[in-house]
1. Stretch residue 199-residue 137 to full length: gain in nm at 0.36 nm per residue minus the Cα-Cα span?
2. Calculated FRET efficiency, residue 93 and residue 223, Cβ-Cβ r, R0 35 Å, to nearest 0.05?
3. Just to be sure I understand the model, the point goes 7 Å from the Cα along the line to the Cβ. What's the resulting residue 214 to residue 62 distance in nm?
4. Cα-Cα over 32 Å: which of 27/108; 37/162; 59/223?
5. FRET efficiency for residue 86 and residue 207, Cβ-Cβ distance as r, R0 = 35 Å, nearest 0.05?
6. Ranking request for peptides 69-80, 96-107: highest mean number of other beta-carbon atoms within 10 Å first, then the rest in descending order.
7. Using label points projected 7 Å from each Cα along Cα→Cβ, tell me how many nm separate residue 100 and residue 28, to one decimal.
Amino acid sequence: MNELTTQGESTFSLSPRNLAEAMEFAKIIASSDMVPKDYIGKPGNVLVAVQTGAELGLKPMQSLQGISVINGRPGVWGDAMWALIISHPEYEDSHEDKSDTACTVTLKRRGRTPVVVTFTMDDAKKAGLAGKQGPWQTAPKRMLQMRARAFAARDLFADALKGIKSVEELRDYVDGDRVERDITPASAVAPAARALPAELPVCTPEKFAENTPAWRDMVLSGKKTPAALISMLSTKAVLSEDQKLTIDSWAHEGE
C-alpha cells in the first residue's frame, strides 16, 4: 500500500482498496508475530479473514481478531458475531434468561417476528459437549449462551452473517471434522514467511494447567485481554483451540 487513507487528523486506515494492496497487506501481517498464530506465515489465511470480515462489515484488524479459519472455513468468534447483530440498523432489542442448565435468547428485529431460542445442558449432552475439556468445563453457562445467541442470530439476521457460523460452534465439531489445514498455496507464501524459525512447541495440557493460575490472573486483573494473552502465548507455543476458548472464558466468569 503506497498511500495512507487519512480519517481525521490523528487516525489512518489500513483497509486495502484493491487486490494488489490486499495481497501486500496480507504478506505484511503474515510476517508479524502480533497476530493469532493461525495467520503467522499464512497470507492466504489473512486474505480470507480480511475479505470475509469486509463482507460482514468488519475492518481488517477487527477481522483478524474476530475471525478464525477452521479447516478452511472461516468462523466468527461469538462476541464479534453479537457485535454485528446489535449494530445492525434493524436490530431492535434482545433479552437473555441464563441459568446453570439453560440459556434462552429472545432477539427482536424491526418489522419481523421475534425469535426465541433455548439451548440447554441436555442439548449439550446430546451433542457430546457437556463436560468436554475446555470451556465446556470451566464456563458452561457462557457456552450455553454462545450457542443460543448464535442460533438466534442465524435465524433472524441471516443477511448480516451471510452463512458464517460462530467459531465456538465450529470448534465443537467432532475431531475428525475439526482438523486445521494450511490452505495457503506454496507459491503465495511470502519470503519472510519461508524464513520463519522451526515450528513452535505444542502447549501440553500439563503445561497449560501449570500456568493457568498466573494467566487467568492476568485476564481477571485486566492486565491482558484474552485476545492479547492468546497472541502473546502463541509466539511461544502452539495453543489448542480448547485452550484458546478456555482463556476466552476467563473474561466471562461470574456472568
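Every read-out reported here was derived from the displayed coordinates using simple, explicitly stated rules and does not represent laboratory data. Computed from a predicted model, the values in this text were never measured in an experiment. Note that we place each Cβ from the backbone using ideal geometry, even for glycine, and neighbour counts take in every protein chain shown.
1. On the way: separation 62, 0.36 × 62 = 22.32 nm, distance 2.95 nm.
Using 0.36 nm per residue and subtracting the Cα-Cα distance, I get 19.4 nm.
2. 0.50
3. Inter-label distance under the simple model: 3.5 nm.
4. On the way: 27/108 41 Å; 37/162 26 Å; 59/223 25 Å.
Going by Cα-Cα distance, 27/108 fall outside the 32 Å limit.
5. Numbers: r = 37 Å, r/R0 = 1.07.
Computed FRET efficiency for residue 86 and residue 207 comes out at 0.40.
6. Numbers: 69-80: 20.2, 96-107: 16.4.
Descending packing order for the listed peptides: 69-80, 96-107.
7. 5.1
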